[in-house]
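Everything on this sheet refers to the single structure shown next.
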Amino acid sequence: MTVSANKAGSQAILDPYDYDFHEDPYPYYQRLRDEAPLYRNDELGFWALSRHHDVLQGFRNSTTLSNKFGVSLDPASRGPHASKTMSFLAMDDPGHLRLRTLVSKGFTPRRIRELEPRVKQIALEHLEVMLDKATSSPGATVDYVNEFAGKLPMDVISELMGVPQPDRDKVRAWADGVMHREEGVTDVPAAAIEASLNLIVYYQEMVAERRKKLTDDLTSALLEAEIDGDRLTDDEVLGFMFLMVIAGNETTTKLLANAAFWAHRNPDQLKPVYEDPSRIPLWVEETLRYDTSSQILARTVEGDLTLYDTTIPDGDVVLLLPGSAHRDERVFDRPDDFVIGREIGSKLMSFGSGAHFCLGAHLARMEARVALTELLTRIRGFEVDEDNAVRVHSSNVRGFANLPMTLEIP
C-alpha cells in the first residue's frame, strides 16, 4: 500500500523537518508501517520504507539503492559534490570498496583497542568536572550533554586524528553547527554551510602539516595507507576526516544521552546494570534499538525499483528508516518497551548493513561502554529534568542538545 502527501497540502505522515516529529517520531512510524509501508511525500520529493524487512533489504541492495549522492535528504547535501565531504558514504562500488579498503589500513581494530585507555582517561577528565559541579550545592543540576556526552566523542575523535587540545572546543562547535536545522527549513542553512567550510579548511591545514611531517595519529596513518602502490588522495583523507567528525561525533553523543534518558525513564531496567556492570553493553544495544541516533538514511534509485506493486523511477530518493524498523512488532516482541538484555543480534541496523556497514561501529560501542561504566562507578543514581531537556533538530539524527540532571553521588 502506498500513501502520498500531495502538493495541495494534505497532512504528511512523515516530514523529517517537522519539530513535532523530532520530539516523538514513533507514532508516525507506526502509522507508516501499518498504513503505508511504501510512503510517498510529493512535496518533499521522497519515498520511505519503514518495515524492518524492507529497511534491511534496502541497506543490502547497494546496486539498485545507490549511495552516489550521499545519505541526507537535504538538497544542498545531495549531488556529485557530496563525495567531497562525505567520503565513501557518497560512493558506490568499485570506488567505494577501494576507498573503504584503503581507509581500513589506517583505521584498524588494533588502533581502536589501543585507544581504549585514553578514552577512559578522557571520560574521567570530563566526569570529574561534571561531578564537581554536581556537588557544588545540594540539588545542583548538571547538563549531561554539555559536560560529558557532547564532549567525550569529539575529544576521542580529535585524539584519534591528532587535533591539538586547544582546538577541540571550536572543532566541536563547528561539528554541531553542521547538523542543526531550523523547523520547516529544507535547505541547508547558511550557518551550517559556514561550519562545514570551517571544518574543511581546518582539516586541509592538518593534512598539509602531516604531509610535511608524519605523526602517530590516524591522519598520518591514512596518508601512509597503501595497497599495491595505490594511496588515498588528500581529498579522500579529508572526506574521511569530515565523515568521522560529523557521523562519529554526532551519533555517539546522541547514543550516550539517549541511553541516560531511557534508563531514567525505566529505572527497573537500570537497577540490574548497577548491580552487574557487565550488562552495560546490553544497555548500549537496547538504546541503539529503542531510540537509535541515526533515524533516517537516504538512497537514490538506480534503474527502476518495484515495491508493493509500485514502480519507483530512476533517480528518485528513498528514505530508509531504521528508527521505525527497530520498533517493528513483526520482528521484536513488545518493541515499544525498553528492555535491557533482550535478544537483538543481527536485527540491529543502527550501523547499517551490507556494503556500507559503519566502519566506526566498534569505536562507538567501545566509547559508550567505557563512558557509561565510568559514570555508573561514580554515582548511585540520577534524575533527568525532563521539563528543561532540549532535543536536537536534524533531518536524520535524533537525540538531545541539553539533558539537565541531578546526580546522586556516594
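Data table
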quantity: Pairs, first within 19 Å of residue 151 (Cβ to Cβ) in the stretch 365-388, second in a loop (DSSP other than H, G, I, E, B), C-beta under 6 Å, six or more apart; calculated: 379/409
quantity: Filter result for the condition that a residue is in contact with a Pro (Cβ under 9 Å, 6 or more places away or on another chain) and at pLDDT below 95, over 393, 356, 362, 326; calculated: 362
quantity: Residue, farthest from the chain's Cα centre (by Cα), within the stretch 347-365, restricted to residues that are part of a helix (DSSP H, G or I) and farther than 17 Å from residue 104 by Cβ; calculated: 347
quantity: Condition broken by residue 103, with the remaining ones in (1) under 29 Å from residue 376 (Cβ atoms); (2) surrounded by 21 or more Cβ atoms within 10 Å (Cβ to Cβ); (3) in contact with a helix residue (DSSP H, G or I) (Cβ under 6 Å, 6 or more places away or on another chain) satisfied; calculated: (1)
quantity: Residues within the stretch 113-129 that are touching a residue at least 24 places away in the same chain (Cβ under 8 Å) and of a type in the set (Asp, Glu), tallied; calculated: 1
quantity: Answer residue from the stretch 291-308, given it is part of a loop (DSSP other than H, G, I, E, B) and touching a residue at least 24 places away in the same chain (Cβ under 8 Å) and is surrounded by the fewest Cβ atoms within 10 Å (Cβ to Cβ) among those; calculated: 303
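Okay, residues lined up against (1) buried (at least 19 other Cβ atoms within 10 Å of the Cβ); (2) among the aliphatic types (A, V, I, L, M); (3) in contact with a strand residue (DSSP E or B) (Cβ under 6 Å, 6 or more places away or on another chain):
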position: 228; (1), (2), (3): no, no, no
position: 232; (1), (2), (3): yes, yes, no
position: 250; (1), (2), (3): yes, no, yes
position: 268; (1), (2), (3): no, no, no
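Residues checked against (1) part of a helix (DSSP H, G or I); (2) without any contact (Cβ under 8 Å) to a residue 60 or more places away in the chain; (3) surrounded by 15 or more Cβ atoms within 10 Å (Cβ to Cβ):
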position: 97; (1), (2), (3): yes, no, no
position: 111; (1), (2), (3): yes, no, no
position: 131; (1), (2), (3): yes, no, yes
position: 138; (1), (2), (3): no, yes, no
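The values are calculated or read from the model by the stated rules, or taken from the named source; none is laboratory data. Bear in mind that the values here come from a model prediction, so they are computed numbers and not experimental data. No Cβ is skipped: glycine too gets one built from the backbone with ideal geometry, and neighbour counts run over all protein chains shown.
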